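Trainee: Below is a structure I'd like to ask you about.
Every number in this text was worked out from the coordinates using simple rules, so none of it is lab data. Note that the structure is a prediction, hence the values are computed from the model and not measured. Methodologically, a virtual Cβ is constructed for each residue, glycine included, from the backbone with ideal geometry; neighbour enumeration extends over all protein chains shown.
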Amino acid sequence: MAQRSLVWFRNDLRLHDHEALTAALAESSDILLLYCFDERQFGKLPSGFPKTGKFRAKFLIESVEHLRQAVRERGGELLVRMGKPEQIIADLAGALGITSVYFHQEATSEEQYVESALRQNLNALGVRTREFWGSTLYHKSDLPMSIEALPDVFTNFRKQVEKHAQVRPLFPTPTRLKHFADVEAGEVPTLQGLGLEEPQPDVRAVMTFKGGESQGLQRLHEYIWQKDLLKTYKDTRNGLIGADYSSKLSPWLANGCLSPRKVYEEVKKYEAQRIANDSTYWLIFELLWRDYFRFIALKYGNRIFHKFGIKGKPREWSHDREAFERWVVGKTGQPFIDANMRELAATGFMSNRGRQNVASYLVHDLNVDWRWGAEYFESVLIDYDVCSNYGNWNYVAGIGNDPREDRYFNPKRQAALYDPKAEFIKRWIPELSSWDAKRLIEADSLEYT
């Protein structure tokens, strides 16, 4: 009997290293490919911000468009729908005689709810699911510990994984695809259709991020091979200005346009052909942090979203809306904090150094509820990843995986270390361009807003 299968693309918008797609092609006579824009992802967060803001939505739209183009170039078709995936997929399965649905699992409750509802709907139709894990560098089944026994300190996790686990090889990229069903392909929605405005380009942005697998692979090749920047990554990664102080791969990793195993493979090739040093290792180290937060989300579930975090550590948070709004728009009076927040608002991106500082300032200097900051990041960041975002906010707020309970980023000290000439501050707060750098860096609060 012919097996008709559907592959449901989610945060895995690529053809390379895609286990669900590879399995479906091997096991099916006919195959249907689908991406569904989940209408619930375009509503409002409790804080009032759009759940998916304009920068991330634009990148997502571009990523889906590029995936469709890549599928069509191989003779196939990517169906695009808007609505609830668990209903849309079940309807397609019933109408087209689909026998199996293939997809990659996610790690947090909203996505897992959809998976559960889909299983229930498909089970009623006698349709099976084939589910895979494809979002991390190390497969969850290959960890040297159970998820329940995952260490609560990253270093302990890292040491065990590096000693006892292996990174799996890449799955091949298909060269030919075919489309069996005479069914409407569907239109990719526009930003306007999603109720969002077009982001305006800003010449001060670190770079122009464009969604899509080919764009992600191009950036990976450019950073590692063309510009030969990997060998100095550890020394430059705390930069603030320009495209090349860090890899900038995070938006493509967040949307699954790039597989972390593909990044790992390129790093290993570079080490074999050019140089292996602390910097080449450090990019893999950062991928391990990404893995860790995803596994922490599996271990603790919705506790990563709770007021007292995964530690369950009570703390009274302020809900001073005025102080929070000043932080959001970059008008706190603390120049280093405000410059970073203005960059985020204008471009959807902020350096890792900046993110640590502005998060620390919100929770430790302003004592504002960390969940407001996490939701703002969720809305605005072009590279938003639910596990990394909420894991890092837990960490900075002292209710997560930081073994130090008193970690604090002093913005004046941080500015002196990472922006000693106040170039970044002046770039994003032009009204301070004539001010003395030392005065800007040492200021507790300035009247310029």
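Trainee: Just the projected area, averaged over all directions, of the convex hull on the alpha carbon atoms of the stretch 4-134: how many nm²?
Mentor: Average of the hull's projected areas for the stretch 4-134 equals 8.0 nm².
Trainee: So, one more: Need one number: % antiparallel among DSSP beta bridges in the chain, to the nearest 5.
Mentor: 5
Trainee: Using the crude model of +1 on Lys and Arg Cβ and -1 on Asp and Glu Cβ, and no other charge, please compute the dipole size for the stretch 240-391 relative to its Cα centre, in debye to 20.
Mentor: Dipole magnitude for the stretch 240-391 comes out near 440 debye.
Trainee: Another one. In the chain, with Lys and Arg counted as +1 and Asp and Glu as -1 at Cβ, which of these residues, Thr22, Ala339, Ser141, has the Cα nearest the positive end of the dipole, that is, farthest along it?
Mentor: Ser141
Trainee: Return a whole-number percent for the relative contact order of the chain, with Cα pairs under 8 Å and 6 or more residues apart as the contact set.
Mentor: Taking the mean separation of contacting Cα pairs over the length of the chain, I get 19 percent.
Trainee: Here's a follow-up. Relative to the longest principal axis of the chain, what angle (0 to 90°, nearest 10) does the C-alpha long axis of helix 85-96 take?
Mentor: The angle comes out near 20 degrees.
Trainee: Kindly give the semi-axes, whole Å and largest first, of the ellipsoid equivalent to the stretch 295-449, taking each as the square root of 5 times a Cα gyration tensor eigenvalue.
Mentor: Result for the stretch 295-449: semi-axes of 28, 15, 14 Å.
Trainee: Treating only the Cα positions of the chain as identical point scatterers, give the base-10 log of I(q)/I(0) from the Debye formula at each q in 0.07, 0.09, 0.14 Å⁻¹.
Mentor: Treating every Cα as an identical point scatterer, log10 I(q)/I(0) equals -0.36, -0.61, -1.46.
Trainee: From the C-alpha coordinates alone, can you work out the Kirkwood hydrodynamic radius of the stretch 316-357, in Å?
Mentor: Kirkwood hydrodynamic radius for the stretch 316-357: 10.7 Å.
Trainee: Rounded, prolate or oblate: which fits the stretch 212-280 when a ≥ b ≥ c are the square roots of the eigenvalues of the alpha-carbon gyration tensor, with rounded for a/c under 1.5 and prolate only if a/b beats b/c?
Mentor: Oblate shape, in that a/c is at least 1.5 and b/c is the bigger or equal ratio.
Trainee: Consider a paramagnetic label point 7 Å from the Cα of Glu148 along Cα→Cβ; state which residues of the stretch 286-321 have an amide N under 18 Å from it.
Mentor: Those under the cut-off are 295-303.
Trainee: Further question: Cα centroid distance between the stretch 394-435 and the stretch 54-99, in Å?
Mentor: Each part's Cα centre sits 41 Å from the other's.
Trainee: I've got another one for you. What's the center-to-center distance, using Cα atoms, between the stretch 108-147 and the stretch 1-42 in Å?
Mentor: If you average the Cα positions of each part, the centres end up 14 Å apart.
Trainee: Using +1 at the C-beta of Lys and Arg and -1 at the C-beta of Asp and Glu, which of Tyr361, Phe409, Val329 has the Cα lying farthest in the positive direction of the dipole of the chain?
Mentor: The Cα lying farthest towards the positive end belongs to Phe409.
Trainee: Here is a follow-up. Please report, in debye to the nearest 20, how large the charge dipole of the chain is about its Cα centre when each Lys and Arg carries +1 at its beta carbon and each Asp and Glu carries -1 there.
Mentor: Charge dipole, the chain, about its Cα centre: 780 debye, nearest 20.
Trainee: Give me the distance between the Cα centres of the stretch 312-359 and the stretch 154-202, rounded to whole Å.
Mentor: 29
Trainee: Here is a follow-up. Put a dot 7 Å past each Cα toward the Cβ at Thr208 and Arg74; how far apart are the dots in nm?
Mentor: Distance between label points: 2.8 nm.
Trainee: I would also like to ask the following. Helix-derived [θ] at 222 nm for the chain: sum -39500 (n - 2.57) over DSSP H runs of at least 4, divide by residue count, nearest 500?
Mentor: -13500 deg cm²/dmol
Trainee: Another question about this same structure. Using DSSP to define loop residues, name the GluC sites (Glu not before Pro) in the stretch 105-160 whose beta-carbon has at most 13 other beta-carbon atoms within 10 Å.
Mentor: Those satisfying the criteria are Glu148.
Trainee: Follow-up. Report the relative contact order of the stretch 352-441, percent, no decimals, based on alpha-carbon pairs under 8 angstrom and at least 6 residues apart.
Mentor: Reported relative contact order: 23 percent.
Trainee: Ranked highest first by the average count of other Cβ atoms within 10 Å around their residues, in what order do 286-294, 153-161, 237-245 fall?
Mentor: 286-294, 237-245, 153-161
Trainee: Considering the dipole of the chain built from charges on the beta carbon (Lys and Arg +1, Asp and Glu -1) around the Cα centre, which of Ala374, Gly312, Gly195 is farthest to its positive end?
Mentor: Gly312
Trainee: Sorted from fewest to most neighbouring beta carbons within 10 Å, what does the list Arg14, Arg119, Arg404, Arg439 look like?
Mentor: Placing the least packed residue first, the sequence is Arg404, Arg439, Arg119, Arg14.
Trainee: A further question on this structure: Based on other C-beta atoms within 10 Å, arrange Tyr264, Tyr448, Tyr233 from fewest to most.
Mentor: Tyr448, Tyr264, Tyr233
Trainee: When the convex hull of the Cα atoms of the stretch 87-167 is projected onto a plane and the area is averaged over all directions, what value comes out in nm²?
Mentor: The Cα convex hull of the stretch 87-167, projected and averaged over all directions, gives 6.5 nm².
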